[in-house]
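Inspection log for the structure reproduced underneath, given as structure tokens.
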Amino acid sequence: MDLLERERDLAQLTAWFGPPAAGSGCVVLIGGEAGVGKTALVQRFSEQLHGVRVLWGACDALFTPQPLAPLYDIARHTQGELLTALTAGSSRDAIFTCALGELERTKTLVIFEDLHWADEATLDLLRYLGRRIRRTQAMLVVTYRDDEIGAHHPLRLVIGNLPRDSTHRITVCPLSEPAVVELAERARRPATDLFRITGGNPLFVTEVLASAADAVPATVRDAVLARAGRLTRSAQDIADLVSVVPGRTETWLMEQALHLNEQDIEDCAAIGLVRSDDGFLSFRHELVRRAVEQSLSQTQLRKLHSRVLAALASRPDIPAARLAHHASGAHDASQVLRYASLAAAEAAAVGAHREAASHYELALRHGESLAPEERARLQELLAVECNLTGQHERAIEIECQALQFWRSSGSRLKEGRALRALSWMSWCAGDLTAALQYAKDAVAVLQGLPPGADLALAFCMMADQDMEWHETESAINWARRALAIAEPLGNSSIMSDALNALGTARLIDGDPAGWDDLNRSLSLALAGGWDAQLGSAYMGSAAMAVSRREYAAAAQYIERGLAHCLERDLDAMWLYLIAYRARMRFEQGDWNGAGDDAGTVLRHPHTTPITRVPALRTLGHLRIRRGDPDVSSPLAEARRISESAPQLQRMGTLAAVLAEAAWLADDRDGVIREVRGIYERLQSKRDPRMKGELAAWLWRAGSLDQHPTDIARPYALEIAGDWQGATRAWKTFGCPYEQACMLAWYGAESEQREALAIFEQLGAAPAAQMLRRRMRTTGVRSIPRGSRSSTRVNPLGLTRREAEILTLLSQGLRNAGIAKQLFVSTKTVDHHVSAILSKLGVPSRTDAVVMARRLSHPQD
């Protein structure tokens, strides 16, 4: 069929590929519904290229996707280092490096088809190549069904984070009604109802026109099956067998499973079966394959899967995921157990943790014949993969089952390991009470055994848990005990973990010597190549630098940590660092950047309570200071999560935020109510920043009974009456809002005017309003009204310019078009759009427009 109405898409592809040039590589995302012609478009484009290497790879609709399936397809074509790396079981890093090397070799068109079925490792590969595509001369084309990837689909997240300057998008649309009529006329078939039934989908049009029926079939499935029903029995057998094999079916497989003859294969072309140049058989489209497959009975399906499994199992080079798929289809429990376990291990090795968990789940469902010890081992493997993919409740459930067996069998070492794993999983799930108890239980069990690495790790876990509960003295002790075991063993990995906990606890206590411990932790992780430990060390160092307001050092730790986590795909640690960057930007007055970072964390599908709570606090605090709508939602969620395990670190920080909200509402009793209980719990602890911040709020509300001595300097100066010294301290730190507060609350008219200018520049409308009221009360005249007064009457809390830009967004304009219409730079519009999304607390431009329309037309 001719490619009608695809000229513009082909022209765009040609322009983006361009002439060979260093750094001209790009990614092209081609979306569209099933059968709309994505593959046909790419095929036609590739045929127009001359002197360009074309590499094809595809994802298949297996029950659980095969890790890196498109890369295997490409490696079989290129041979060489990439194939060697894949077949030799090399690390994921080595495989990805070889894949990038293939793209750097020469000008290349690479196609990854059907990535809506992609496994986690393939999506990681797309992210890896997308970030580096500019250094190549390659065009990486990705096709996917955009109607099958919802807001939380993993592919949606990956393509949303690809570099904008090297990423292009094409949406392939259905054919228009005139095009459908033209195709019907060419086939000399009636066009009546054809467009209505097919919706202009090219595949559906093709299948219906190929039907021999006089009338248009009611569905495409009817059209496919009507033609299949006219095949001979032997040809039907071929079609049936190929239908249970997602992707392409090898000729040798067909020959082992059936008696083939050329005439039968040619007859199958009538229902869309095609044979490639290298002898593979496949249906022209997945929808056609499924129409045939779904017409088979369960008995037929089991027999066909059994035949395919027997043929595939006779060869040594078949991926375990493919074997597991057919073993499951054949309902062969022993083979499912064998191949699913192997496929899970292979998937985990290349970072496809979702697929690994799915395979382990499948194996467990067929594990009735396993010995109890083997089943417990399988449960622990599944628990690890579930935890890595954010399925924390399932991870804890499965690990608890394994723990029960190790206890009943008397294996104390494995019991201790399971308890330590449960502590970690509970921490990831945000259940800090359970995490602490499991850590204590792990220590109690392992201390009864000869000291070794497991006990040292349990001590590290106790140090981490005690830090969460602000038991810093105990945390320091546990970390030192872990070091005492790890150092004689020469275990630099555990030493790095222990030093990280030790340094963090000491810094919380106000001891600057903790920096020596954190720097040593970083050095050991770097020298040992310990990816997780290095990420953890960056996290601890960044968190402490932000907490101590050492922002220059914090920025360096965060920048290096983010680069490391992106390179190693340590998403959980990356999110943690982004959450702390949000806090740092917020404290330094970069409120748009803070809102962007908080939104990044909160929108991520794999964010955990550990990273979600600080992002919610920052977002809520930001809305309080700007006077944005819906302050309560993020703070209520943060409080709900925190109250499930009311440890001081979370509750103290949240109390300070809520105290500020009460202060701005002129509710002094509310300030005291939010702070008093937490402050009293802090009296026996050392935490100069948190204790100082809460003491300062009680002081401002007139309810501080006794002046504390061990608090951070700006708070101590303020409470001592030296507000000028406190102002200078905040200015030195680089905290403009706090600096302005000192000037506003304690200064004379000139200082108040200076504070008002700072509040206006930040967009701190509530504080500015409060200060204006105070200045009027004291008789100050000619008080500036403020450039942002329009935000107070805007129902969304937007400035006049932001409201104007939101209106233009509602009209469908992109940022460049808005910039042209308003005579400003595109970058300026970018900043305004970020501010709008942050103020409204929405993830996208579309959501912002929907919210605006809802408020403008509430009856809708």
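The values are calculated or read from the model by the stated rules, or taken from the named source; none is laboratory data. The model shown is predicted, which means the values in this text are computed figures rather than measured ones. For neighbour counting, all protein chains shown are included, and Cβ atoms are generated from backbone atoms with ideal geometry for every residue, glycine included. Note: areas computed on protein heavy atoms with side chains; ligands, DNA, RNA excluded. Shrake-Rupley method; radii C 1.70, N 1.55, O 1.52, S 1.80 Å.
Its alpha carbons considered, segment 341-442 gives a radius of gyration followed by a Dmax of 13.2, 37 Å. Between Arg135 and Asp847, what's the calculated FRET efficiency when r is the beta-carbon distance and R0 is 45 Å? Round to 0.05. So the FRET efficiency works out to roughly 0.85. Cross-link partners of Lys827 among lysines, defined as those whose alpha carbon lies under 28 angstrom from its own and excluding same-chain residues fewer than eight positions apart: Lys839. Relative protection proxy for 6-15, 245-254, from highest mean packing down: 245-254, 6-15 (other beta-carbon atoms within 10 angstrom). Estimated at 0.36 nm per residue, the fully extended path between Arg230 and Arg186 surpasses their Cα-Cα distance by 13.4 nm.
Legend: calculated FRET efficiency, Ala313 to Arg76, from the Cβ-Cβ distance at R0 = 25 Å, rounded to 0.05, equals 0.80. The slack between His259 and His168, meaning 0.36 nm per residue of separation minus the straight C-alpha distance, is 28.0 nm.
Modelled spin labels at Asn161 and Glu368, positioned 7 Å past Cα toward Cβ, are 4.2 nm from each other.
Given +1 at the Cβ of Lys and Arg, -1 at the Cβ of Asp and Glu and no other charges, the dipole of the chain around its Cα centre is 2360 debye to the nearest 20. Cβ-Cβ distance of Glu7 and Ser276, R₀ of 22 Å, FRET efficiency by 1/(1 + (r/R0)^6): the value works out to about 0.20. Each residue, Arg781 and Thr106, gets one label point 7 Å from its Cα in the Cβ direction; the gap between the two is 8.4 nm. Overall form of segment 347-392: prolate. Here a/c, set by the Cα gyration tensor axes a ≥ b ≥ c, is 1.5 or more, and a/b is the larger of a/b and b/c. Accessible surface of Lys440, taken over heavy atoms with a 1.4 Å probe and every protein chain present, rounds to 100 Å². What shape does segment 444-558 take by its C-alpha gyration tensor, where a ≥ b ≥ c are the square roots of the eigenvalues and a/c under 1.5 counts as rounded, a/b above b/c as prolate, and the rest as oblate? It comes out oblate by the Cα gyration axes.
Taking the helices alone, the chain has a mean residue ellipticity at 222 nm of -21000 deg cm²/dmol, built from -39,500 (n - 2.57) per DSSP H run of at least 4 residues and averaged over all its residues. In terms of packing, defined here as the mean over residues of other Cβ atoms within 10 angstrom, the peptides 492-503, 274-285 line up highest first as 492-503, 274-285.
Subtracting the Cα-Cα distance of Ala94 and Asp511 from 0.36 nm times their residue separation leaves 145.9 nm of extension gain. Across the chain, the fraction of Cα-Cα pairs farther apart than 44 Å, rounded to a whole number, is 41%. The antiparallel fraction among DSSP beta bridges confined to the chain stands at about 15%. Overall, the anisotropy analysis places segment 623-743 in the oblate class: the square-rooted eigenvalues a ≥ b ≥ c of its C-alpha gyration tensor yield a/c not less than 1.5, with a/b not exceeding b/c. The string of couplings for segment 269-275 from the Karplus curve (6.51, -1.76, 1.60, θ = phi - 60°) is 4, 5, 10, x, 7, 10, 10 Hz, one whole number per residue in order, with x for Gly and Pro.
Ranking Leu524, Ser282, Leu370 by how far each Cα lies toward the positive end of the dipole of the chain (charges on Cβ) leaves Leu524 at the top.
Solvent-accessible surface of the chain, taken per residue with a 1.4 Å probe and all protein chains present: 43 Å². Across segment 544-563, no residue has a backbone nitrogen under 19 Å from the label position 7 Å along the beta-carbon direction of Asp722. In this simple spin-label approximation, Cys400 and Glu266 carry label points 7 Å from Cα along the Cα→Cβ vector, and these lie 6.5 nm apart. Overall, segment 564-705 carries a charge dipole of about 320 debye about its Cα centre when +1 sits on the Cβ of Lys and Arg and -1 on the Cβ of Asp and Glu, all other atoms neutral. Sorting Thr167, Thr143 by accessible area puts them as Thr167, Thr143; the probe is 1.4 Å, largest comes first, and only protein heavy atoms count. Of the peptides 539-552, 453-466, 663-676, the order by per-residue mean of other Cβ atoms within 10 Å, starting with the highest, comes out as 453-466, 539-552, 663-676. The residues packed around Ala662, meaning those with a beta-carbon under 11 Å from its beta-carbon, carry a net charge of -2 if Lys and Arg are +1 and Asp and Glu are -1. Under a model in which nothing but the beta-carbon of Lys, Arg (+1) and Asp, Glu (-1) is charged, segment 559-630 shows a dipole of about 240 debye around its Cα centre.
Projected onto its three principal axes, the C-alpha set of segment 1-138 covers 45, 39, 24 Å, listed from the longest axis down.
Measuring against 25 Å, Cα to Cα, the residue pairs Lys440/Lys685; Lys38/Lys107; Lys691/Lys731; Lys685/Lys731 contain Lys685/Lys731 as the ones spanning a longer distance. What the Cα atoms of segment 381-513 give is an Rg and a Dmax of 14.7, 47 Å. Whole-Hz Karplus values for segment 130-140 come out as x, 6, 10, 5, 5, 7, 10, 10, 9, 10, 9 Hz, taken residue by residue from phi with 6.51 cos²θ - 1.76 cosθ + 1.60 and θ = phi - 60°; glycine and proline positions read x. Applying the Kirkwood pairwise sum to the alpha-carbon positions of segment 46-113 produces a hydrodynamic radius of 12.7 angstrom. Per residue, the convex hull spanned by the Cα atoms of segment 565-632 measures out at 77 cubic angstrom.
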